[in-house]
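Where a number appears in this text, it was derived from the coordinates with a stated rule and is not lab data. Since this is a predicted model, take the numbers as computed values, not measurements. Neighbour counts run over all protein chains shown; Cβ positions are idealised from the backbone, glycine included.
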Amino acid sequence: MEKKRMKKISRYYLMFMLVACTGASIWQLCLPQIGEVFTDWGMSVDWQREISLWNIAIIVSIVIALRSDNTEMIKILVIQSVILCWLLGINHFISLLMNFSLKYLIHILGIFEVMLAGGVWGAYILLKYYIQQK
């Protein structure tokens, strides 16, 4: 029963990551000016396109893992997603602290959506279901 719950909650987490990565990829690829207006990073169409392509690779990996229903593949994607969420969330946090402004909504969302929702939720999954099983 616990393994079924572990797989179910991991799948929900990866679906959350799928939506988050898809949204980020769309705005970075199609609306890069949003990054200029709502971050302190300025405009960089080429870098945003590169990050969008990276997100697309992650999206494909998540879709493959979810379709395969392979527990080990799902676990690897959860680990990878948690690490990325913490690193990206911390990067947004540092950027916001270095040049604080409430207009930098992407940094604020990066802290709450990426670091806290994705990072904390994913870390909880790893600790509760994967690390305790050893």
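Remark: the stretch 1-57 carries a charge dipole of roughly 780 debye about the Cα centre, counting +1 on each Lys and Arg Cβ and -1 on each Asp and Glu Cβ. Assuming charge only on the beta carbon of Lys and Arg (+1) and of Asp and Glu (-1), the dipole of the chain about its Cα centre is about 820 debye to the nearest 20. Taking other C-beta atoms within 10 Å as the exposure proxy, Leu97, Leu116 rank Leu97, Leu116 from fewest upward.
Evaluated at q = 0.14, 0.17 Å⁻¹, the base-10 log of the normalised Debye intensity for the stretch 2-131, with identical point scatterers placed on the Cα atoms, takes the values -0.63, -0.87.
Counting lysine pairs in the chain whose alpha carbons fall under 28 angstrom apart, excluding pairs fewer than 8 residues apart on the same chain, gives 14. Between 0 and 90 degrees, rounded to the nearest ten: what's the tilt of helix 2-30 against the longest Cα principal axis of the chain? For helix 2-30, the angle is close to 20 degrees. With unit charges on the beta carbons (Lys and Arg positive, Asp and Glu negative) and the dipole taken about the Cα centre of the chain, which residue among Leu66, Ala20, Leu84 sits farthest to the positive side? It is Leu66, whose Cα lies furthest towards the positive end.
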